[in-house]
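Below is one structure, written out as structure tokens; the observations come after it.
The values are calculated or read from the model by the stated rules, or taken from the named source; none is laboratory data. What you are looking at is a predicted structure, and each value in this text was computed from that prediction instead of being measured. Here the Cβ positions follow ideal geometry from the backbone for every residue, glycine too, while neighbour counts run over all protein chains shown.
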Amino acid sequence: MPSYPLPPGIRVELVSDTATRPSPGMRRAMAEAVVGDEQKREDPTTNRLLERVCELLGKEDAIFLPSGCMCNSIAYRLHCRPGDEILIHDSYHAVNYEVGAPAALAGASVRLLSGPDGLFDAQQVRQAIRPPHINHHPRSRVLSVEQTTNVGGGKVWSLDALRAVTAEAREHGLACHMDGARLWNAVVKSGVTASEYCERFDTVWVDFTKGMGCPVGSVFAASADLIREAWRVKHQLGGAMRQSGILAAACLYALDHNFERLAEDHANAERLAAGLSDIAGLAVEAPETNMVFFRVDGLGIERGEFLSRLLSDHSVRLGPNGPVRIRAVTHLDVSRDDIDFAVRETVDALKSS
Ligand SMILES: *Cc1c(COP(=O)(O)O)cnc(C)c1O
């Protein structure tokens, strides 16, 4: 368990897996990192990370970036020209939580797909692709997929489903992009390798600041040609770094120490969902990975009141998602005891209503 304190008044932080704090071992690895200038490709620790991720994802080349948001923006810049269109599920991060970046930075509009769990099928893709028309339609240029689906419920795309939607996109000349913010969770959950998941994707990125527990860092991977172009956009967006090995060392540490243990987060999510399911008035969605979503409209108290009571009187922090839905995310800094504590305190919080 980390020796670094949570914000005052919080004992169990379930708002997001971004809440993880670098552990003592990770901090040591960062302090001891051998470094050089990233922009000259001379940072040996960053280079080592990129090689390792390329191998894991089965891609030719990769770049290190400060955030997942920047990875998505670079992908859309690579695939789209202004006026082009991205096919993407309406629940995805790039649509809802990136401040309009696809429009602002790539000049692209989004064509929204819908469906339960953040998933969709090949027929939906087929129907959403615009027929070529010189005067009227935007050009459909890229299909964007989240693995796992965040607001979709932390659900894992199966290989078969990915193959079907990417085949449809490719047949119509679209590129395929994977937002792999939690690809690691999908791999640990399913036993399918990362490279199998990424096989039919032109661009893919993985985050190290979610369940992997790092303070900063994402890796974006693609063909050597696309990565050459990605370097230009990285510089334009101000994402080029210098002695980035300090950060890459944390990511390498995470691959060694925090990858397989994601299974514990998944078990904790199941435990949390089971505990919450016993509480009358909560409608809990079955979790697949490290996210638990539930609705509180059967409770008889407002969602805001529920969240603030849990936080201020019971030191458990959860996050709102939509008008009546709540998200709880398990991670490295949440133990099994913390889960039991959170369930107990939720029961208590509702007793006093
Ligand atoms: C967190 C997240 C991002 C953005 O990643 P950052 O590293 O926080 O910029 C993008 N997509 C999904 C699905 C995410 O969960």
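Per-residue answers, yes or no, for (1) touching a helix residue (DSSP H, G or I) at 6+ places or on another chain (Cβ under 8 Å); (2) among the hydrophobic types (A, V, I, L, M, F, W, C); (3) within 30 Å of ARG28 (Cβ to Cβ):
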site: ILE227; (1), (2), (3): no, yes, no
site: LEU237; (1), (2), (3): yes, yes, no
site: ALA274; (1), (2), (3): no, yes, no
site: ASN290; (1), (2), (3): yes, no, yes
site: LEU299; (1), (2), (3): yes, yes, no
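Being assigned to a loop (DSSP other than H, G, I, E, B) and at pLDDT 95 or above: is that true of PRO22 here?
Judged against the criteria, PRO22 is a match.
Kindly state which helices (runs of 4 or more DSSP H) lie completely within segment 26-135 and contain at least 3 residues that are under 20 Å from LEU247 (Cβ atoms) and modelled with pLDDT of 95 or more.
Fully inside segment 26-135 and qualifying: 44-57, 68-79.
Tally time: how many residues in segment 31-85 are among the charged types (D, E, K, R), within 16 Å of the ligand (Cβ to nearest atom) and within 24 Å of VAL192 (Cα to Cα)?
0
Test each condition in (1) touching a residue at least 40 places away in the same chain (Cβ under 8 Å); (2) surrounded by fewer than 14 Cβ atoms within 10 Å (Cβ to Cβ); (3) away from the ligand (no atom under 16 Å from the Cβ); (4) of a type outside the set (Gly, Ala, Ser) for ASN96 and report the one that comes out false.
Single failed check for ASN96: (3).
Which condition from (1) at positive phi; (2) surrounded by fewer than 23 Cβ atoms within 10 Å (Cβ to Cβ) is the one that GLY118 breaks?
Here GLY118 clears every test but (2).
Just need a number here: residues in segment 197-216 that are of a type in the set (Asp, Glu), under 12 Å from VAL53 (Cβ atoms) and not in a strand (DSSP E or B).
Summing the residues that are of a type in the set (Asp, Glu), under 12 Å from VAL53 (Cβ atoms) and not in a strand (DSSP E or B) in segment 197-216 gives 0.
Can you report the number of residues in segment 178-196 which are farther than 21 Å from ARG141 by Cα and either near the ligand (Cβ under 10 Å from one of its atoms) or not in a loop (DSSP other than H, G, I, E, B) (or both)?
Counting residues in segment 178-196 that are farther than 21 Å from ARG141 by Cα and either near the ligand (Cβ under 10 Å from one of its atoms) or not in a loop (DSSP other than H, G, I, E, B) (or both) gives 13.
What is the number of the single condition among (1) part of a helix (DSSP H, G or I); (2) within 16 Å of the ligand (Cβ to nearest atom) that VAL219 does not meet?
(1)
Which residue, of LEU113, LEU105, LEU159, is without any contact (Cβ under 8 Å) to a residue 40 or more places away in the chain, out of contact with any Cys (no Cβ under 9 Å at 6 or more places or on another chain) and within 16 Å of the ligand (Cβ to nearest atom)?
Only one candidate passes the filter, namely LEU113.
Does TYR76 meet the test of being hydroxyl-bearing (Ser, Thr, Tyr), in contact with a helix residue (DSSP H, G or I) (Cβ under 6 Å, 6 or more places away or on another chain) and surrounded by 24 or more Cβ atoms within 10 Å (Cβ to Cβ)?
Here the answer is yes, as TYR76 does meet what is asked.
Check GLY153 against each of (1) in contact with a strand residue (DSSP E or B) (Cβ under 6 Å, 6 or more places away or on another chain); (2) within 23 Å of ALA106 (Cα to Cα) and name the one condition it does not meet.
That leaves (2) as the condition not met.
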